[in-house]
1. Somewhere in the stretch 66-76, is a residue hydrophobic (A, V, I, L, M, F, W, C) and more than 22 Å from ALA129 (Cβ to Cβ)?
2. Out of curiosity, is GLY53 of a type outside the set (Val, Ile, Thr), surrounded by fewer than 19 Cβ atoms within 10 Å (Cβ to Cβ) and in contact (Cβ under 8 Å) with a residue 24 or more places away in the chain?
3. Every residue in the stretch 56-73 that is in a helix (DSSP H, G or I) and of a type outside the set (Phe, Trp, Tyr), please.
4. Pairs needed: first member in the stretch 92-117, of a type in the set (Lys, Arg); second member anywhere, assigned to a helix (DSSP H, G or I); C-beta distance under 7 Å; at least 6 residues apart or different chains.
5. Does any residue of the stretch 157-179 turn out to be of a type outside the set (D, E, K, R), over 18 Å from ALA43 (Cβ atoms) and touching an Asp or Glu at 6+ places or on another chain (Cβ under 6 Å)?
6. Check GLU28, GLU59, GLU72 and return the single one that is surrounded by 15 or more Cβ atoms within 10 Å (Cβ to Cβ) and without any contact (Cβ under 8 Å) to a residue 60 or more places away in the chain.
Amino acid sequence: MKHNSFYAMLARMKYIERWGLMRNSVRENDSEHSLDVAIIAHALAVIGNHRFGKHYDTEHVALLGIFHDCTEIITGDMPTPIKYENQELKDAYKQIEKQAAYRLLNMLPEDFREEYEPYFIARPNDKDARLLVKAADKISALIKCLEEAGNGNQEFKSAELATKSSLEALQCEEADLFIKEFLPMYRLTLDELNQ
């Protein structure tokens, strides 16, 4: 039965709260965040294909987004300032994430593992797709910061600045275009979006 627990484990993503060190006006869990990242990553792939002549597999990119934080079911959500404090901590956490990924994969029947492994274990030929997911993850964080500011919560001010800086450092033209053309719409109300 141990090899049939994968899907039940993934269902537990809804219990992993994000932004644990900050006061939130609206709570967010890993399940909600992963859907946002998948949608944004897919959009970035579409942008790359249609605006920059690239050839991303949009569905693959979306699935990378869905599964990008699954290891947090085992590791928990490590706050970014701690995770990236220094190279030694960063490397140690990457190793812990890799072990968690294999642990999750081992919860699948053996004949299913090959199907899921590309979403849990980074491959050299997936570098560009994973960059889109990383950018989407940061855009999702930026959207969270904007939403919190819109609710009058100033707690996310420094997180917004840090997130913008890390997005610029990625040098991802798809993310830059998304931020320019689509991010402003996230500031609108439902009525304004429907006009």
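1. yes
2. Numbers: of a type outside the set (Val, Ile, Thr): yes; surrounded by fewer than 19 Cβ atoms within 10 Å (Cβ to Cβ): yes; in contact (Cβ under 8 Å) with a residue 24 or more places away in the chain: no.
For GLY53, the condition - of a type outside the set (Val, Ile, Thr), surrounded by fewer than 19 Cβ atoms within 10 Å (Cβ to Cβ) and in contact (Cβ under 8 Å) with a residue 24 or more places away in the chain - is not met.
3. Here is the first cut: in the stretch 56-73, the ones in a helix (DSSP H, G or I) are 58-67, 72-73.
The answer is THR58, GLU59, HIS60, VAL61, ALA62, LEU63, LEU64, GLY65, ILE66, GLU72, ILE73.
4. ARG103/ILE74; ARG113/LEU105
5. No, the stretch 157-179 contains no residue that is of a type outside the set (D, E, K, R), over 18 Å from ALA43 (Cβ atoms) and touching an Asp or Glu at 6+ places or on another chain (Cβ under 6 Å).
6. Working: GLU28 fails: without any contact (Cβ under 8 Å) to a residue 60 or more places away in the chain; GLU59 fails: surrounded by 15 or more Cβ atoms within 10 Å (Cβ to Cβ).
GLU72 is the lone residue from the list that is surrounded by 15 or more Cβ atoms within 10 Å (Cβ to Cβ) and without any contact (Cβ under 8 Å) to a residue 60 or more places away in the chain.
Let's see how each residue does on (1) acidic (Asp, Glu); (2) assigned to a strand (DSSP E or B); (3) more than 14 Å from the chain's Cα centre (by Cα):
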site: ARG12; (1), (2), (3): no, no, yes
site: TRP19; (1), (2), (3): no, no, no
site: VAL26; (1), (2), (3): no, no, yes
site: GLU32; (1), (2), (3): yes, no, no
site: ILE40; (1), (2), (3): no, no, no
site: LEU44; (1), (2), (3): no, no, no
site: LYS54; (1), (2), (3): no, no, yes
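A short reminder: the numbers here are calculations on the coordinates, not readings from a lab. Not measured: the values here are computed from a predicted model. Here Cβ is always computed from backbone atoms with ideal geometry, including for glycine, and neighbour counts include all displayed protein chains.
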